[in-house]
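Trainee: Got a structure for you, written out below as structure tokens; questions coming shortly.
Where a number appears in this text, it was derived from the coordinates with a stated rule and is not lab data. Everything quoted here is computed from the prediction, not taken from an experiment. Cβ: placed from backbone, ideal geometry, glycine included. Neighbour counts: every protein chain shown.
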Amino acid sequence: MKKFATLAFLLTLLSLSTIYAQVISSAQIDSLAEKTLRTFDVPGIAVAVVKDGKVIHARGYGVRSLATKLKTDENTLFGIASNSKAFTTAALGMLVDEGKIKWDDRVRDYIPEFKLYDPYVTESFTIRDLLTHRSGMGLGAGDLMFFPDSNNFTIKDIIHNLRYLKAVSDFRTKYDYDNLLYMVAGEIVARVSGMSWDEFIEKRIMQPLGMNSGAACYARLKDKSNVVDPHAPVDGKVQVIRRDWSLNANAAGGIYSNLTDLGKWVILQMENGKYGDSLKKTLFSEEVHEEMWTPQTIIPVHGANSYNTHFASYGLGFFLSDVKGYKQVSHTGGLAGIVTQITMIPEMKLGIIVLTNQQSGAAFTAITNTIKDSYLGITGKDRIKENHDRVVKNEAEAKKITDGIAREIEKQLKNNNGKNNTDAILGTYTDAWLGDIVISVKNNKTRFDSKRSFMLTGEILPYKGNTYIVRWDDRSFDADAYLRFEMDENGKATGIKMAAISPLTDFSYDFQDLDFKRKN
């Protein structure tokens, strides 16, 4: 028996050494990141790996900005975008621990003016519902009130205008990602705690954890000497674009941070809310932490995948799924020109942080999945090629659509001797929540101008029949849209419906939720 026990022990050591050999090294992560930069045309990337309560890799690659060419490092600050949502749920969880709120308290008990399209939903809506993307509103509903950022909407306006956003599914029946309700959640933090969301996040979460470099938003950064610029392809070439963010939306995606500080956040999460020397301090209770990592809203999983994922859901501020039999906790974040991902496999005490300064989700996915594969023992997968092939395919399909529209516009203009006869559509139109737009002729061009979202300006061009195209002046948007005019019996436009042209348009350009009626 001793002989067999010794053999079993040796086999175990061999097995462990094999697993250890599969774990990716820092040198391999360096190579992975550099190849990802080149493949996806990303100026700068920062990557960290947390294992067993320690940051074992944290490095920057490429440059913070194509304008300055300054190097990215582990202290370079990025907008973490929707990874901020977990901080909002943590703030609420701390208030739950203090007995000041309950997850299932009604929103109207704290914000009496809160009102949704359906009276029943309004009265039943809870704090938990704010955090779980199951309101019944559509994907990104109302996001045009904060994105792009050059607008005059206040948080008061946004809360008021929620009532005009019609449901696309029954309450609590379907997952549709939203941002506006996290802004409402941030307002609850403010009203209950007596300090702004920004102050709460910095004083009650970031400072205790020693997250001293970042801030609740870009405007609050004390030191901006090591911050990325956002980048995006414009007319086929990646370049620096304007920094776009509305302070109203901080609770949904405002935080700026870096690898050094986010490593502390990830360790806190995997230690169930404990931190500090020997984990003697507690930011939030294990009960609150468990609630945040408990499935709340089902997300469909379709088809086979290399991680044998069978189930997916949204918790409170996190996506939850199974990967190779392990629980995965993750979130992504996207700003104009900056995208990020945080992934945790708690049973393995593994955390992966990827921050990028170009809006290529494929880049962070390729890095995260390659690192994750090494710990899960998955071999033979080229995640860079896999994601690049997907990008090429999707971009080719989108280009077919946009090229076809460009040809049709050229044809229409040629048939009309270069003239764009738009007399029937000129005028002022209004939407219940976005407000007024004006369609007018300026310098012999028909123009679209939003009166509340000032960056939504562009040229209107003929397409087919009563449908026109608006090409936005800011070409970094990549969000040109159809304008379908409703006409009366005299051939005069009475209303406008909109829709994004490209399937790659960011969902926050929620043109489909607009319903303009002629004002004059």
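Trainee: Working out 0.36 nm times the residue gap between residue 426 and residue 281, then minus their Cα-Cα distance, what length gain in nm do you get to one decimal?
Mentor: Taking 0.36 nm per residue and subtracting the Cα distance, the gain is 45.9 nm.
Trainee: Could you let me know the centre-to-centre spacing of the stretch 345-406 and the stretch 217-246, using Cα atoms, in angstrom?
Mentor: What the calculation gives is 22 Å, centre to centre.
Trainee: Under 29 Å between alpha carbons, and skipping anything fewer than 8 positions from residue 281 in its own chain: which lysines qualify?
Mentor: Straight-line reach from residue 281, under 29 Å: 51, 54, 85, 100, 102, 203, 222, 264, 327, 349.
Trainee: Hey, what angle do you get for helix 383-415 against the long axis of the chain, alpha-carbon based, 0 to 90 degrees rounded to 10?
Mentor: Tilt of helix 383-415: around 0 degrees.
Trainee: How do 160, 302 line up, fewest other C-beta atoms within 10 Å first?
Mentor: Final ranking by Cβ density, sparse to dense: 302, 160.
Trainee: Continuing with this model, one more query. Let's see if you can work this out: charge +1 on each Lys and Arg Cβ, -1 on each Asp and Glu Cβ, no other charges. What is the dipole magnitude of the chain about its Cα centre, in debye to the nearest 20?
Mentor: 860
Trainee: Using Cβ counts within 10 Å as a stand-in for footprinting exposure, how do 101, 496 rank, fewest first?
Mentor: 101, 496
Trainee: Kirkwood-based Rg over Rh for the stretch 233-277 (C-alpha set), two decimals?
Mentor: 1.20
Trainee: Compute the length gained on full extension between residue 203 and residue 31: take 0.36 nm times their separation in residues and subtract their Cα-Cα distance, giving the result in nm to one decimal.
Mentor: Full extension from residue 203 to residue 31 adds 58.1 nm.
Trainee: Between residue 490 and residue 191, what length in nm is gained on full extension when 0.36 nm per residue of separation is reduced by their alpha carbon distance?
Mentor: Difference between extended and current length: 102.4 nm.
Trainee: Need one number: nm distance between label points at residue 444 and residue 327, each 7 Å from Cα along Cα→Cβ, rounded to one decimal.
Mentor: Placing both labels 7 Å beyond Cα along the Cβ direction yields 6.7 nm.
Trainee: Moving to a separate point now. Projected onto the charge dipole of the chain (+1 at Lys/Arg Cβ, -1 at Asp/Glu Cβ, origin at the Cα centre), which of 507, 402, 326 gives the Cα projection farthest towards the positive end?
Mentor: Highest projection toward the positive end goes to 402.
Trainee: For residue 382 paired with residue 177, estimate the spin-label separation in nm (one decimal), with each label point 7 Å from Cα along the Cα-to-Cβ line.
Mentor: Reported label-point gap for residue 382 and residue 177 is 2.8 nm.
Trainee: Hey, rough spin-label estimate for residue 464 and residue 157, points 7 angstrom out along Cα→Cβ, what's it come to in nanometres?
Mentor: Calculated label separation equals 3.5 nm.
Trainee: In whole Å, what three semi-axes, largest first, describe the equivalent ellipsoid of the stretch 25-381 built from its Cα gyration tensor (square root of 5 times each eigenvalue)?
Mentor: 30, 23, 21
Trainee: With a cut-off of at most 12 other beta carbons within 10 Å, and DSSP calling the residue loop, which trypsin sites (Lys or Arg not before Pro) in the stretch 377-431 qualify? Please list them.
Mentor: 381, 419
Trainee: Which lysines does residue 419 reach when only Cα atoms under 25 Å apart count, and residues fewer than 8 places away in its own chain are ignored?
Mentor: Within reach: 411, 442, 445, 464, 492, 497.
Trainee: Can you list the aspartates and glutamates whose alpha carbon sits under 14 Å from that of residue 69, skipping same-chain ones fewer than 8 residues off?
Mentor: Partners found: 229.
Trainee: Starting from the Cα of residue 224, step 7 Å toward the Cβ, then list every residue of the stretch 79-115 with an amide N under 14 Å from that point.
Mentor: Within reach of a label on residue 224: 79.
Trainee: By how many degrees, 0 to 90 and rounded to 10, does the Cα axis of helix 85-97 deviate from the longest principal axis of the chain?
Mentor: 70
Trainee: Mind checking the stretch 458-489 for GluC sites (Glu not before Pro) that DSSP puts in a loop (not H, G, I, E or B) and that have at most 16 other Cβ atoms within 10 Å?
Mentor: Of the GluC sites (Glu not before Pro), the ones in loops of the stretch 458-489 whose Cβ has at most 16 other Cβ atoms within 10 Å are 489.
Trainee: Ranking 127, 111, 201 by Cβ neighbours within 10 Å, fewest first, what do you get?
Mentor: Ascending number of Cβ neighbours within 10 Å: 111, 127, 201.
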